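The values are calculated or read from the model by the stated rules, or taken from the named source; none is laboratory data. Everything numeric in this text was worked out from a predicted model, so none of it was measured. Using ideal geometry, Cβ is built from the backbone for each residue, glycine included, and neighbour counts are taken over all protein chains shown. We work out accessible area using only protein heavy atoms, side chains counted, and drop any ligands, DNA or RNA first. Shrake-Rupley method; radii C 1.70, N 1.55, O 1.52, S 1.80 Å.
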Amino acid sequence: TTSILLSGMEWMADPDGAPATDDAPDACCNSWGGGDSEERREIYQQAIQTWLDAGIIPVFANGNSGPFGRTTSFPGGFLEVIAVGATSKRNKIAYFSSRGPIKWDDVDRIKPDVSAPGAGVKSAKPGGGYKSMSGTSMACPNVTGVVALMKQAAPTLTTEFASRVLQETALDRGAEGKDNKYGAGIVDALAAVEKLKEIIRLTK
């Protein structure tokens, strides 16, 4: 329900319930979608803005309603978040991975932003142990991990800049440039961190 998801988002923003302590995470992986009603969009957008104000980089699964277009889920469809599509073991877009575009202010915007491996991923399961799972929910943690590495290299990294570097260093697939299947391409962790370090070096 919306209330349960919001409770989780509130906890992430302030895990110990004491606003004076700085305990918000650097990034948050979100393998969920919360519906596409106008009311829900407004509620989640406000919560995400709270995260951004707290310095949390929000990474969201793009959804599993592919292969059709205009199937990006929310909150992944928000322009303020990093939305992640899923690729197969052959580095092709997974058939189930949701596609853009998403419409904002009567203008079509490309989603997802980037993609990552999300088919047949070894994943933890409730009760212990592991199993193979597929979905943009499996791809999202990969990108969040890369964001954590980037944050380690640049502690003041913002969501906007993280998204830019991830997209500029991604391995382009599909149509040339950013498209509504892969986004900017498949995330390249090493290239993203090295580019960030180079930017820092040049600005010192």
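Annotations for the structure displayed:
- Counted residues, segment 15-44 - those being part of a loop (DSSP other than H, G, I, E, B), modelled with pLDDT of 90 or more and within 19 Å of the chain's Cα centre (by Cα): 5
- Which listed residue, of 181, 111, is open to solvent by less than 10 Å² (accessible area, probe 1.4 Å), closer than 20 Å to residue 33 by Cβ and among the charged types (D, E, K, R): 111
- Selection within segment 16-55: residues that are of a type in the set (D, E, K, R) and closer than 24 Å to residue 151 by Cβ. The member of this set that is most open to solvent (accessible area, probe 1.4 Å) is 22.
- Verdict on residue 191 being touching a helix residue (DSSP H, G or I) at 6+ places or on another chain (Cβ under 9 Å), open to solvent by 20 Å² or more (accessible area, probe 1.4 Å) and among the small types (Gly, Ala, Ser): yes
- Verdict on residue 64 being open to solvent by 70 Å² or more (accessible area, probe 1.4 Å) and part of a loop (DSSP other than H, G, I, E, B): yes
- Inter-residue pairs, beta-carbon under 9 Å, first without any contact (Cβ under 8 Å) to a residue 40 or more places away in the chain and more than 11 Å from residue 114 (Cα to Cα) and in segment 139-154, second in a helix (DSSP H, G or I) and open to solvent by 10 Å² or more (accessible area, probe 1.4 Å), 6+ apart: 152/193
- Residues of segment 138-173 classified as assigned to a loop (DSSP other than H, G, I, E, B) and either of a type in the set (Asp, Glu) or surrounded by fewer than 16 Cβ atoms within 10 Å (Cβ to Cβ) (or both), total: 4
- Close pairs from segment 3-16: first under 10 Å from residue 50 (Cβ atoms), partner in a helix (DSSP H, G or I) and open to solvent by 50 Å² or more (accessible area, probe 1.4 Å), Cβ under 7 Å, at least 6 apart: 13/50
- Just one of the listed residues (102, 82) is β-branched (Val, Ile, Thr), without any contact (Cβ under 8 Å) to a residue 40 or more places away in the chain and under 18 Å from residue 34 (Cβ atoms), and it is 102.
- When segment 73-88 is limited to residues that are farther than 12 Å from residue 182 by Cα and open to solvent by less than 10 Å² (accessible area, probe 1.4 Å), the one that is nearest to the chain's Cα centre (by Cα) turns out to be 82.
- For residue 59, the conditions (1) open to solvent by 50 Å² or more (accessible area, probe 1.4 Å); (2) touching a strand residue (DSSP E or B) at 6+ places or on another chain (Cβ under 6 Å) all hold with the exception of (1).
- Residue 103 farther than 27 Å from residue 193 by Cβ and surrounded by fewer than 16 Cβ atoms within 10 Å (Cβ to Cβ): yes
- Where residue 91 falls short, out of the listed (1) surrounded by 15 or more Cβ atoms within 10 Å (Cβ to Cβ); (2) at positive phi: (1)
- Odd one out for residue 123, checked against (1) of a type outside the set (Lys, Arg); (2) open to solvent by less than 60 Å² (accessible area, probe 1.4 Å); (3) closer than 18 Å to residue 78 by Cα: (3)
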